[in-house]
């Protein structure tokens with residue numbers, strides 16, 4: 001066990017500056033209107049730095065810088081791009097603890113996750129796209145003896161990206177790495193709840209990135225996100241967030257006729273078939289961990305397995321064992337490597353989760369464990385903590401239908417395989433799902449029948465690069481975390497060439 | 001006025017709620033919820049209101065109306081700030097056949113003079129999942145994301161829900 005010192009105190013591995021400006025054109029630039037806003041750590045509820053409050057003027061400046069860099073960067077070779085991405089990855093690896101603690105401080109998630117998941121995954125993501133772009137080939141087709149269709153990949157130019165607050169660095173990297181690998185310049189707007197950690201990362205890597213290739217403008221959605229998303233000077237917009245803003249971004253994109261990729265969340269089912277409990281062995285233990293995975297990142301994950309569906313014949317025992325596992329989740333100081341669940345990312349997120357605990361109880365769902373705000377002591381008393389909570393109820397309750405984005409699990413039982421699939425698919429969303437079964441046939445059939453973009457089988461919450469991630473139904477458009485994302489950041493140029501001297505014969 | 005996370009303790013209407021108190025609605029929101037403004041029913045075949053606003057929400061709406069003009073809401077779902085009510089300039093968010101108009105609230109200024117109607121929308125598929133609940137829009141300290149108008153103010157609209165038999 002070790003406990004990292006809080007940033008701002010002697011001995012911390014990371015020191016935040018008292019104020020961060022925008023990063024535009026390779027420089028730190030004050031907001032045009034001179035305004036800043038406070039960034040609060042959810043660990044204690046205290047402000048720890050302030051960041052630029054960007055407006056349309058700052059977005060325009062960032063787009064100027066990006067377009068100034070575009071002729072050179074768009075024409076860069078895959079080798080140059082890959083080299084830069086690999087150097088960024090190396091620099092991040094050398095500073096793993098610093099970045100991890102910065103991320104924990106900004107977001108509230110336990111440092112065991114940032115050290116072992118968020119940041120290592122981000123590092124690997126840069127390396128993955130460095131490799132992917134080196135290996136990418138165009139296509140050619142010989143249509144007849146003298147006619148060839150060539151298909152070239154070209155960068156789009158300058159793209160916009162709006163980042164969520166639940167994995168501030170990893171989600172930024174999921175978007176940055178393919179965009180940069182494809183040769184685009186980027187204007188990126190972090191979430192206003194977690195604006196600082198990405199700036200700490202940018203400071204570390206700024207000497208590796210040509211001026212204007214990555215530009216970061218912070219600010220509020222309405223003041224800063226909208227001028228980016230609706231801008232005529234972006235060639236694509238990527239967004240992770242909720243459905244109303246997703247629709248609004250599509251609406252703006254429709255006005256400019258540009259492509260969008262959207263990741264809008266889910267209400268992921270996690271299905272436990274009866275053969276899971278055939279033996280009380282290592283696999284059974286793994287399945288119990290799968291049950292408890294709703295608490296990862298305090299439940300603030302788009303794929304949070306927030307609906308556990310357990311087969312009737314094993315329901316009572318498996319649920320009891322699952323609750324026992326949940327009772328062992330260690331809550332506390334996010335900077336302690338033993339802590340398994342940290343803080344919710346913001347005060348309004350805390351309020352929202354509490355409102356769902358309230359409606360869950362009102363709808364008659366039974367609280368099996370948790371159900372309240374968690375009160376921590378000392379300087380953590382001001383932070384935003386919620387007890388891991390398990391409700392028992394039915395799939396038509398609102399806590400089964402909506403993404404709470406907190407450590408809240410809703411459990412229901414099912415009888416037959418068909419019931420399981422029917423309940424699993426009875427949702428507006430289709431991002432993630434889990435299937436647990438010893439029978440390979442059951443697992444395969446269930447995995448194919450569930451309408452979601454990612455089905456974990458006999459595991460959950462792993463996010464290795466080269467495994468496509470994206471949604472069915474209202475969960476969005478596009479697939480991240482895989483080289484197919486390059487397509488979303490590239491234009492296809494078809495050159496249709498005739499090598500014959502003979503005329504076509506029409507005129 | 002901020003009523004924070006309270007959902008059970010009744011908060012008396014303060015003077016900032018306007019001279020009329022705006023409590024004349026015939027609709028029964030459960031006791032304990034202080035509803036200062038009630039939207040008219042607009043869902044086909046229904047007569048009872050599905051949307052109310054707390055005094056804190058009304059105050060914030062007035063403030064936003066002053067800066068941005070006429071307003072509308074669209075109830076969000078999904079990831080991150082999903083389930084948050086999003087407030088936009090009227091007409092900014094395009095609604096269509098895939099949406100349901102849950103209600104229209106007549107917003108008044110502090111002195112009781114009329115400001116104008118505020119439409120409250122939700123997507124039709126989300127409405128199906130939310131059918132059995134009536135919404136009370138509150139305002140709490142916080143910083144939402146999305147493009148909702150109030151985020152720079154340090155306050156955030158929040159949807160609280162009550163069971164209903166509508």
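Quick note: the coordinates plus some simple rules give every number you see, no bench work behind them. Predicted, not measured: the structure shown is a model, and the values here were computed from it. We place every Cβ from the backbone using ideal geometry, glycine too, and count neighbours over all the protein chains shown.
Helical content of chain A, expressed as a calculated mean residue ellipticity at 222 nm, amounts to -10500 deg cm²/dmol (DSSP H runs of 4 or more residues, -39,500 (n - 2.57) each, divided by residue number, nearest 500).
With the cut-off at 1.5 for a/c, could you classify the stretch A:432-507 from its C-alpha gyration tensor as rounded, prolate or oblate? Judged from the Cα gyration tensor, the stretch A:432-507 comes out prolate (a/c at least 1.5, a/b above b/c).
With both labels modelled 7 Å from their Cα along Cα-to-Cβ, the residue A:139 to residue A:459 distance reads 3.0 nm.
The modelled label-to-label distance for the pair residue A:441/residue A:57, using points 7 Å beyond Cα in the direction of Cβ, is 7.0 nm.
Tell me whether the stretch A:307-412 comes out rounded, prolate or oblate; compute the Cα gyration tensor, take square roots of the eigenvalues as a ≥ b ≥ c, and use a/c under 1.5 as the rounded threshold. Kindly include the intermediate steps, with their values, before the conclusion.
Details: a/c = 2.57, a/b = 1.43, b/c = 1.79.
It is oblate, given that a/c is not under 1.5 and a/b is not larger than b/c.
Inter-chain Cβ neighbour count for B:146-157, averaged per residue, equals 6 (cutoff 10 Å, partner chain atoms only).
From most to least packed by mean Cβ count within 10 Å, the peptides A:48-56, A:182-190 give A:182-190, A:48-56. Take the alpha carbon atoms of the stretch A:416-436, find their center, do the same for the stretch B:109-133, and report the distance between the two centers in whole angstrom. With the stretch A:416-436 and the stretch B:109-133 each reduced to a Cα centre, they are spaced 32 Å. Mean per-residue shielding of peptide B:134-144 is 4, counting Cβ atoms of other chains within 10 Å of each Cβ. Counts of other chain beta carbons within 10 angstrom of each beta carbon in peptide A:344-354 average 6.
Taking label points 7 Å from Cα along the Cα-to-Cβ direction, residue A:93 and residue A:426 give a separation of 4.9 nm. For residue A:279 and residue A:75, the FRET efficiency from 1/(1 + (r/R0)^6), where r spans their Cβ atoms and R0 equals 56 Å, is about 0.40.
Put simply, when B:86-98, A:224-236, A:143-155 are sorted by average Cβ atoms within 10 angstrom per residue, most first, you get A:224-236, B:86-98, A:143-155.
Would you mind getting the Kirkwood hydrodynamic radius of the stretch A:269-457 from its Cα pairs, rounded to one decimal in Å?
Hydrodynamic radius (Kirkwood, Cα pairs) of the stretch A:269-457 is 16.7 Å.
Compute the separation of the alpha-carbon centres of the stretch A:185-218 and the stretch A:346-376 and state it in Å as a whole number. Taking the Cα centre of each part, the stretch A:185-218 and the stretch A:346-376 sit 35 Å apart. Derived from the Cα gyration tensor, the three semi-axes of the equivalent ellipsoid of the stretch B:36-163 are 20, 17, 14 Å, largest first.
Taking a ≥ b ≥ c as the square roots of the eigenvalues of the Cα gyration tensor, an a/c ratio of 1.5 or more together with a/b no larger than b/c marks the stretch B:98-166 as oblate.
The packing ranking of peptides B:56-67, B:141-152, A:157-168, highest mean first, is A:157-168, B:141-152, B:56-67, where packing means the average number of other beta carbon atoms within 10 angstrom of each residue.
Could you work out the relative contact order of chain A, using alpha carbon pairs under 8 angstrom and six or more residues apart, expressed as a whole percent?
Working: 1165 pairs, mean separation 94.0, N = 507.
RCO, chain A: 19 percent.
Using C-alpha pairs below 8 Å separated by at least 6 residues, the relative contact order for the stretch A:269-457 is 28 percent.
Shape summary of chain A, radius of gyration then Dmax from alpha carbon positions: 23.9, 87 Å.
If you fit an axis through the alpha-carbon atoms of helix A:56-74 and take the longest principal axis of the Cα set of chain A, what angle between them do you get, 0 to 90°, nearest 10? With both axes taken from Cα atoms, the answer is about 60 degrees.
In chain A, the longest principal axis of the Cα atoms and the axis of helix A:440-449 are about 60 degrees apart. Given R0 = 45 Å, the distance between the Cβ atoms of residue A:492 and residue A:394 translates into a calculated FRET efficiency of 0.40. Once the Cα atoms are used to define both axes, helix A:96-107 deviates from the longest principal axis of chain A by about 70 degrees.
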